[in-house]
1. Taking LEU31 as the residue in question, decide whether it is part of a helix (DSSP H, G or I), within 13 Å of the ligand (Cβ to nearest atom) and not acidic (Asp, Glu).
2. For the range 1-16, which positions are within 6 Å of the ligand (Cβ to nearest atom) and part of a loop (DSSP other than H, G, I, E, B)?
3. Identify all residues within the range 54-73 that are part of a helix (DSSP H, G or I) and surrounded by fewer than 22 Cβ atoms within 10 Å (Cβ to Cβ); write none if there are none.
4. What's the number of the only condition in (1) assigned to a loop (DSSP other than H, G, I, E, B); (2) farther than 30 Å from SER173 by Cβ; (3) within 10 Å of the ligand (Cβ to nearest atom) that THR51 fails to meet?
5. Considering only the range 149-227, give the helices (runs of 4 or more DSSP H) lying wholly within it that have at least 1 residues that are over 30 Å from MET265 (Cα atoms).
6. Name every residue in the range 215-262 that is within 30 Å of GLY97 (Cβ to Cβ) and among the hydrophobic types (A, V, I, L, M, F, W, C), in order of residue number.
7. Looking for whichever is without any contact (Cβ under 8 Å) to a residue 12 or more places away in the chain and under 21 Å from the mean Cα position of the chain (by Cα) here; the options are GLY10, GLY24, GLY18, GLY33. Which one fits?
8. Mind telling me which of the residues ALA237, ALA207, ALA211 ends up being outside the structural domain of SER126 (by TED's automatic domain parsing) and more than 24 Å from the chain's Cα centre (by Cα)?
Amino acid sequence: MSSIAFIGGGNMASCIIGGMITNGFSPDQILVGTPSAGTRQKLESTYGVTTFADNHAAAASADLVVLAVKPQMMHAVVADLAPALGHRPIVISVAAGVPVAALSNWLAEGMSIVRAMPNTPSMLESGATGLFTNQTLSDANQQLVNSIFQAVGYTCWVDDEALIDAVIAVSGSGPAYFYLVMEIMQKIGEELGLPSKTAQELCQQTALGAARMATETGIPPCQLRAQVTSPGGTTHAAISCFQEQGLEAIFRQAMNSAVGRAQEMSKDYSS
Ligand SMILES: NC(=O)c1ccc[n+]([C@@H]2O[C@H](COP(=O)([O-])OP(=O)(O)OC[C@H]3O[C@@H](n4cnc5c(N)ncnc54)[C@H](OP(=O)(O)O)[C@@H]3O)[C@@H](O)[C@H]2O)c1
């Protein structure tokens, strides 16, 4: 049974640990290094995992080490941890914006490093995680890494680290795009006279229903849209307006801005 150490026991670590346990990992194989006594106690009582104030003790014999601290803390935490990783576990970082080259510089040479980009719906096991590794992992190790993130949702591997920035623009930041659309639709529903709660519930259920139609029927979104857009009908009137006003160009600009920011962050967090 592989042992997995988390360094940092905050929101992302807890949601991955929760998903792992729900999906058949044993609490006995999960170790967490995190400084606050309160965080340790919560993780122990909620999940039955073993926790340590000392990161070295957590990682010392782990097969896999998941770095789940804030990006700005990563350099200090990894530099301190490196001497405890002489047994060369696979190192996974979930930090946004910390490139593999930086992690590689801070660790011993030649270590297998995986960069994972999960998103917040992981909390409901409905996340989406993009994964990149700097070395070819054995099938068993690739499957182990996959199973950790599959425990909180969908996973995909990219073969070029630059594509992690595209993952950030699509699924990392993506939930917020949908929230913004829901916010706008609710507001306009209210302006059109619906009670606030009704507008909110209609928007939520519509988003859920559309997401389920797209994921569960396997029909591409463009076809689902065509199916509900009768010529001369109400949906046609609304969609034509979105297209005439340049919605696609707005999205392209917005998502390219997200990529640009991810590239800047990679530079900021590399030193
Ligand atoms: N939240 C998300 O949706 C999300 C999505 C994608 C990626 N991420 C990435 O996940 C990482 C963690 O984010 P988060 O939202 O989980 O942050 P968080 O809730 O603030 O958790 C960070 C944890 O780091 C711990 N920590 C601080 N100093 C430490 C040290 N020296 N050694 C070990 N642990 C230390 C803190 O522990 P104590 O509680 O014990 O003080 C805290 O629990 C970030 O790099 C972020 O970019 C997060």
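1. Answer is no for this residue.
2. GLY8, GLY9, GLY10
3. HIS56, ALA57, PRO71, GLN72, MET73
4. Tallying (1) assigned to a loop (DSSP other than H, G, I, E, B); (2) farther than 30 Å from SER173 by Cβ; (3) within 10 Å of the ligand (Cβ to nearest atom), THR51 fails exactly one: (1).
5. Result: 174-191, 196-216, 221-227.
6. LEU247, ALA249, ILE250, PHE251, ALA254, MET255, ALA258, VAL259, ALA262
7. The match here is GLY24.
8. ALA237 is the lone residue from the list that is outside the structural domain of SER126 (by TED's automatic domain parsing) and more than 24 Å from the chain's Cα centre (by Cα).
The values are calculated or read from the model by the stated rules, or taken from the named source; none is laboratory data. Predicted model, so just to flag it, every value in this text is computed and none were measured. Quick reminder, even Gly has a Cβ in these numbers, built from the backbone with ideal geometry, and neighbours come from all protein chains shown.
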